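Asks: Supplied in structure tokens, the structure appears directly below.
Values quoted throughout were computed directly from the atomic coordinates according to the rules given, and no laboratory measurement underlies them. A quick note: this is a predicted structure, and the numbers were derived from the prediction, not measured. Ideal geometry is used to build each Cβ from the backbone, glycine not excepted, and the neighbour counts take in all protein chains shown.
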Amino acid sequence: MRIISGEFRGKKLALPKDNNTRPLKDMVKESIFNLLDHSNKFQIKLENSCVLDLFSGSGSFGLECISRRSKIVYFFENYPKAIEVLKKNLLSLKDKKNYKIFNNDCIQFFNSKNKLDKRFDIVFLDPPYKELKINALVNQIIEKNILTNTGVIIIHRHKNDKLEISKKIKILDIRTYGVSKIIIAN
């Protein structure tokens, strides 16, 4: 696994050594960023964007955003081995400090009275495929006004997942890459 483009292009990323996390495949990640960069369905500019990376794992998505000059990335992860790898990957970016790590279960965080100090242009949700509380999380993101007006929520699911996405967001695009299904909404 590597960073695909930007300032840290080609940089290899560390991964947890167990099977409790599912890394975002390079092909899927590259496809998502190509869509964001080149589709006229979205008004997203990665440069200077604020990104919320939920269920971060090793941080592959957020690290790609940092490499492509996002203003700030907030990482949410609560699995200790993944946090260890995430920190290692972030430290390898040398002097970059435009990120914040939350060692929290994001579903519990957003269901509580906790608030974030920013609104985000991109919210990336990459939960375990078995996670079924996606809609509750999406609804909290909308209710807490976390997404900017032109921002997008990107949801990564298994291609055979039958979970209907909340009607509180508008589906802009759905793509399938191998076993991955990517849903982009706002």
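Asks: Step through the table entries Lys11/Lys130; Lys41/Lys181; Lys45/Lys100, compare each Cα-Cα distance with 25 Å, and write down the pairs that go over it.
Replies: In this structure, Lys11/Lys130 exceed 25 Å between Cα atoms.
Asks: Continuing with the same structure: Cross-link list Lys87/Lys168; Lys133/Lys167; Lys25/Lys162; Lys133/Lys162: which exceed 24 angstrom alpha carbon to alpha carbon?
Replies: Cα-Cα > 24 Å for Lys87/Lys168; rest within.
Asks: OK, next. Collect residues whose amide H, placed 1.01 Å from N in the peptide plane, falls under 5 Å from the amide H of Ile4; neighbours closer than 5 in sequence don't count.
Replies: Gly10
Asks: With +1 on each Lys and Arg Cβ and -1 on each Asp and Glu Cβ, and nothing else charged, work out how big the dipole of region 27-185 is about its Cα centre, in Debye to the nearest 20.
Replies: On the way: 28 positive and 17 negative charges, 37 e Å.
Here the size comes out at about 180 debye.
Asks: Another question, if that's okay. Taking Lys115 as the anchor, which aspartates and glutamates have their alpha carbon closer than 18 Å to its alpha carbon, excluding any fewer than eight residues away along the same chain?
Replies: Result set, ordered by chain and number: Asp53, Glu77, Asp105, Glu143.
Asks: Further, regarding this structure: With the cut-off at 25 Å, tell me which of the pairs Lys118/Lys170; Lys88/Lys159; Lys17/Lys94 have Cα atoms farther apart than that.
Replies: From Lys118/Lys170; Lys88/Lys159; Lys17/Lys94, over 25 Å: Lys88/Lys159.
Asks: Expected output is a single nm value to one decimal: the length gained when fully extending between Glu7 and Asn20, i.e. 0.36 nm times separation in residues minus the C-alpha distance. What is it?
Replies: Between Glu7 and Asn20, full extension yields an extra 1.7 nm.
Asks: Whole angstrom only: what separates the Cα centroid of region 30-90 from the Cα centroid of region 124-186?
Replies: Cα centres, region 30-90 to region 124-186: 15 Å.
Asks: Helix-only estimate, please: 222 nm mean residue ellipticity of the chain, summing -39500 (n - 2.57) across DSSP H runs of length 4 or more and dividing by its residues, to the nearest 500.
Replies: -7500 deg cm²/dmol
Asks: Check Leu172: other-chain or 5+ apart residues with amide H under 5 Å from its amide H, H built from backbone geometry?
Replies: Amide H neighbours of Leu172: Ile184, Ala185, Asn186.
Asks: Given the options Val85, Val51, Val73, which has the most mean-square fluctuation in a GNM of the chain, springs set between C-alpha atoms less than 10 angstrom apart?
Replies: With Cα springs under 10 Å in the chain, the top fluctuation among Val85, Val51, Val73 is at Val85.
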